[in-house]
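Encoded as C-alpha cells, the structure appears first; notes follow it.
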Ligand SMILES: Cc1cc2nc3c(=O)[nH]c(=O)nc-3n(C[C@H](O)[C@H](O)[C@H](O)COP(=O)(O)OP(=O)(O)OC[C@H]3O[C@@H](n4cnc5c(N)ncnc54)[C@H](O)[C@@H]3O)c2cc1C
C-alpha cells in the first residue's frame, strides 16, 4: 500500500509527527510492534493504581507541545504538588521551584557567596564540556556539583560527568553564549517572555498518558499496531519500502524508534553508537497511614548520597487520581548511568531496598502492600560528549533529501516537550519535500 509518509514507531515522537503531517493534508500511517500506542509511556493499570512507566507529566505551556495537545483534544490540568525536595547531607530539604531556591538551605553560605559571583565569571569552556564541568566553572564547585547532579539525575538518570552540557541542556549553554552569564541570560529571557504567558510548570493529562496517546493516534487506518518492521529499503524509484507483516511504500519514512533500531532497519553495518542507561521504575502503594508521604512533587537524591533510587515522585500527592481513595503511591526511578547494575536486581531485592531507602529519606517507616517494577532497557538516552557530532554523522549518511528522517528522544531532547518541538521541525521539512 502506498502513503505519503510511513512513521515507524508509535511513541509520542511518532504520534506527534504523524498528527502534524495529517493536519497538513498528507496521507500518513503509524506502525508499531506493540498493539497500542504510547511507546515507553504506555500506562499500566494495576489494582486500582494508574502506573505511568515513563513520562508522567508535561512541562506546559510550551510553544510546540501546548498546541499539539490542544488540537487533539488532550486536556491537561496543573499538577497539584509544586513543592520539590532534595535529599542531601542526610536531610530532606524542601523548596519552591523558583529563583528563590538560591536562598534555600540546599547550599552552605560559602557556596551561595560563590554563586553570587557567577555574572563575573568569564565565558567560554573547552570544546564539548560535560555538564559537571560547565556548571562547576560557572557556579563554583559546590553549587555546580549539586545542580549538575540534580539536573542529570532528574532528566536523564544520568551522570553529570558523562553528559555533554551543550547536547543535554542546550538552553542553559545558550544563556552563557548569548549573555556571557547564566544569571544575565536568565534575566534577559524573563524580560523577553511575552506578557501573560506563565512560567512552564508540571501538568498532567486528564485521564492517562495512554489515553493521550490513543487520541493522538486517531482511529481507522491511521494506526497499525502489531506491525514489527524488519527492514526499510529504497524501492529504486525514489520511494521507500517499509517491510513488516506486509510491505508499505511511501516517499518519506520517519524512523521514530531508538537510534540503534533505526540504523539496523536501514541495514547500516557500522552504526553510529548512541549510548543509553537502563532504569528500573519501582512503584510502592499502600494505605495513607502506612505510607506517610509529604505534599509535593517528589525528591531527588543529592550527589553525596549512596541511594540507588535517583528520585522519587509522590504520585498520589500531585496526581491524586493515580491511587485509589485512601491510598498513597510513590514512583521511584533507580539505576541509570551511575548504577546500571541495580536494574538487574531481583524484584524482591530491589523493592526491599527501595522501601528502606524511601523510609530513610522521609524519616518514617513505610509499609506498602503494593509493589510493581518495570525496567527500561536499553533505557534513557545519554547525550554524552560527541553526541552532536554523532547526530551530524547520521545526517551525513542519511541526508533528509533521501526521504528518511529520524525522530524521538534519542536525538534532540529526552522530554516529551522536546520530542514535540522536534516533530514540528520535522513536519515542516517533510511537507516541503512532498509538495
Ligand atoms: C522513567 C521515565 C520517566 C520519564 N518522565 C518524563 C516526564 O515526566 N516528562 C517528560 O516529558 N518525559 C519523561 N520521560 C521521557 C518520555 O517518556 C519520552 O520522551 C517519550 O516517551 C519518548 O517517546 P519516543 O516516541 O521517542 O520513544 P518510544 O516511546 O520508545 O517509542 C518508540 C516506539 O517504537 C516502537 N518500535 C521499536 N522497534 C520497532 C520495530 N522494529 N517496528 C515497529 N515498531 C517498533 C516501540 O514499540 C515504541 O512504541 C520519562 C522517561 C522515563 C523512562
Extreme residue, surrounded by the fewest Cβ atoms within 10 Å (Cβ to Cβ), among residues of the range 64-73 that are over 19 Å from the mean Cα position of the chain (by Cα) and part of a loop (DSSP other than H, G, I, E, B): 73
Out of 167, 210, 151, 171, sole residue that is loosely packed, with under 15 Cβ neighbours inside 10 Å, within 16 Å of the ligand (Cβ to nearest atom) and either part of a helix (DSSP H, G or I) or within 24 Å of the chain's Cα centre (by Cα) (or both): 171
Where residue 313 falls short, out of the listed (1) crowded, with 24+ Cβ neighbours inside 10 Å; (2) touching a helix residue (DSSP H, G or I) at 6+ places or on another chain (Cβ under 9 Å); (3) touching a residue at least 60 places away in the same chain (Cβ under 8 Å): (2)
Residues of the range 174-186 that turn out to be assigned to a helix (DSSP H, G or I) and surrounded by 19 or more Cβ atoms within 10 Å (Cβ to Cβ), as a count: 5
For residue 199: the one exception among (1) within 25 Å of residue 115 (Cβ to Cβ); (2) assigned to a helix (DSSP H, G or I): (2)
Wholly within the range 319-435, helices (runs of 4 or more DSSP H) carrying at least 2 residues that are closer than 23 Å to residue 149 by Cα, touching a helix residue (DSSP H, G or I) at 6+ places or on another chain (Cβ under 7 Å) and at pLDDT 95 or above: 387-397, 416-434
Meets criteria (outside the structural domain of residue 241 (by TED's automatic domain parsing) and either surrounded by fewer than 15 Cβ atoms within 10 Å (Cβ to Cβ) or within 16 Å of the ligand (Cβ to nearest atom) (or both)) for residue 428: no
Within the range 377-395, tally of residues that are closer than 17 Å to residue 342 by Cα and either out of contact with any strand residue (DSSP E or B) (no Cβ under 8 Å at 6 or more places or on another chain) or surrounded by 20 or more Cβ atoms within 10 Å (Cβ to Cβ) (or both): 2
The range 401-419, residues that are more than 8 Å from the ligand (Cβ to nearest atom) and in contact with a strand residue (DSSP E or B) (Cβ under 9 Å, 6 or more places away or on another chain): 402, 403, 404, 405, 406, 411
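Condition check ((1) at pLDDT below 95; (2) part of a loop (DSSP other than H, G, I, E, B); (3) within 13 Å of the ligand (Cβ to nearest atom); (4) assigned by TED's automatic domain parsing to the domain that holds residue 245) across all residues:
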{"residue": "37", "(1), (2), (3), (4)": "no, yes, yes, yes"}
{"residue": "50", "(1), (2), (3), (4)": "no, no, no, no"}
{"residue": "53", "(1), (2), (3), (4)": "no, yes, yes, no"}
{"residue": "82", "(1), (2), (3), (4)": "yes, yes, no, no"}
{"residue": "85", "(1), (2), (3), (4)": "no, no, no, no"}
Filtered residue count, the range 39-48, keeping only those that are surrounded by fewer than 19 Cβ atoms within 10 Å (Cβ to Cβ) and within 14 Å of the ligand (Cβ to nearest atom): 2
Of all residues making up the range 1-30, the number that are in a strand (DSSP E or B), within 14 Å of the ligand (Cβ to nearest atom) and in contact with a helix residue (DSSP H, G or I) (Cβ under 9 Å, 6 or more places away or on another chain): 4
Residue within the range 219-233 that is farther than 30 Å from residue 388 by Cα, at pLDDT 95 or above and under 18 Å from the mean Cα position of the chain (by Cα) present: no
Members of the range 219-241 that are more than 16 Å from the ligand (Cβ to nearest atom) and in contact with a strand residue (DSSP E or B) (Cβ under 9 Å, 6 or more places away or on another chain): 221, 234, 235, 238, 239
Residue in the range 270-284 that is part of a strand (DSSP E or B) and away from the ligand (no atom under 14 Å from the Cβ) present: yes
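The values are calculated or read from the model by the stated rules, or taken from the named source; none is laboratory data. From a predicted model like this one, the values you see are computed outputs, not experimental measurements. Cβ coordinates were reconstructed from backbone atoms using ideal geometry, including for glycine residues, and neighbour counts include every protein chain displayed.
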